[in-house]
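As structure tokens, the structure follows; a few thoughts come after it.
The values are calculated or read from the model by the stated rules, or taken from the named source; none is laboratory data. Computed from a predicted model, the values in this text were never measured in an experiment. Cβ atoms come from the backbone with ideal geometry, glycine included; neighbour counts cover every protein chain shown.
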Amino acid sequence: MRIPARARALGWRTGKRAVEWSTERLKLASYVPLLDYREQLDAKTTLIRDERRIPDKRDSTVSADDVDLTLTVEGLVAVAAGHEWNGFRMLEVGPKYGIHTRWIDEHLAPTFLAFSDFEEDRHFHEPWVGELRAPHAWVYGDLRHAHRLGEHAPFDLVFFLGVLYHSAFHLELLGMLNRLTRPGGEMLLETTIDPRPDSALRVRWQPGTGKAKMVPTFDALRIELAWTGWRDVTVFTDYRPESSEVLLLCRKTDELREGGDLVEAVRPQRG
């Protein structure tokens, strides 16, 4: 559920008072993080709020038959409306069931379609990959090291849906996608976020699985995007507004040099 800004602020102040009371009782020092990065975000990045109707109001991305689909096809149609994406070179990360892929192949007619996914998900791809009409290529393995994708010409459009928070290596993933995308190219990004009003990343353990997710707040996500050369961001405010998910269209604004250098656009939250 998305918590209203006023309620988040109230919770922040209440939590701050609790920390101050506890630290005083325990004879510890407390501090309030400096949030001056917000001024830098305002000055050096662009955030546009797109209020178009997105027909995706599900409580969960997991359906009754246990299919986990981030953004419905109807939602993707709404997002694509008004964009001249036909005939682009495209990269999709984690295509899994191919539900988005088949719509992209049929309606956007990409001139080339590349996929990045893990080898263990190959069985998800086999039922549908033979239906594709567009020329396509697969690179299996960790996206951070998927250098074979760089053997192809840069991509115009990247689909990065429901992947980021499954990894602790956000900057490496976003940086790799920057290097694979042409200047001015775009990335459709969907991810879970933490609703708190700071710029932190928090680990969420999944009991019984041995797995964890690294979930950013919205401000943390904006900083990560700025650092990795995606400083122009549009957020689709009508996408599942009661959930903890966000849907963004990001434009590549800066080239990253090979070797992992970041864009010095915004300082992190200090404290």
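Scan the stretch 184-199 and give yes if some residue there is among the hydrophobic types (A, V, I, L, M, F, W, C) and modelled with pLDDT under 95, otherwise no. No: the stretch 184-199 contains no residue that is among the hydrophobic types (A, V, I, L, M, F, W, C) and modelled with pLDDT under 95.
Residues in the stretch 74-113 that are exposed (fewer than 15 other Cβ atoms within 10 Å of the Cβ), assigned to a helix (DSSP H, G or I) and among the aliphatic types (A, V, I, L, M): V77 only. Only one of the listed residues (T45, T61) is touching a helix residue (DSSP H, G or I) at 6+ places or on another chain (Cβ under 9 Å), β-branched (V, I, T) and touching a residue at least 40 places away in the same chain (Cβ under 8 Å). That residue is T45. Residue count for the stretch 101-121 under the criterion of being among the charged types (D, E, K, R) and under 11 Å from V139 (Cα atoms): the result is 2. Within the stretch 148-168, is even one residue touching a residue at least 40 places away in the same chain (Cβ under 8 Å), assigned to a loop (DSSP other than H, G, I, E, B) and touching a Pro at 6+ places or on another chain (Cβ under 9 Å)? So far as the stretch 148-168 goes, yes, one or more of its residues are touching a residue at least 40 places away in the same chain (Cβ under 8 Å), assigned to a loop (DSSP other than H, G, I, E, B) and touching a Pro at 6+ places or on another chain (Cβ under 9 Å). Among residues of the stretch 121-141 being part of a helix (DSSP H, G or I) and either of a type outside the set (F, W, Y) or over 26 Å from the mean Cα position of the chain (by Cα) (or both), the one that is farthest from M90 (Cα to Cα) is H123. Of the numbered criteria (1) buried (at least 19 other Cβ atoms within 10 Å of the Cβ); (2) in a helix (DSSP H, G or I); (3) not hydrophobic (A, V, I, L, M, F, W, C), the one S116 fails is (2). Put simply, of A153, A80 the only residue that is more than 19 Å from the chain's Cα centre (by Cα) and not polar (S, T, N, Q) is A153.
Taken together, L161, L177, L171 contain a single residue that is within 16 Å of the chain's Cα centre (by Cα), more than 23 Å from E258 (Cα to Cα) and not hydroxyl-bearing (S, T, Y), which is L161. When you check D42 against the structure, is it touching a Phe, Trp or Tyr at 6+ places or on another chain (Cβ under 9 Å) and either under 16 Å from A220 (Cβ atoms) or modelled with pLDDT of 85 or more (or both), yes or no? For D42, the condition - touching a Phe, Trp or Tyr at 6+ places or on another chain (Cβ under 9 Å) and either under 16 Å from A220 (Cβ atoms) or modelled with pLDDT of 85 or more (or both) - is not met.
Just the residues that are out of contact with any strand residue (DSSP E or B) (no Cβ under 9 Å at 6 or more places or on another chain), within 26 Å of N178 (Cβ to Cβ) and small (G, A, S), please, taken from the stretch 110-151. Hit for the stretch 110-151 is G150, nothing else.
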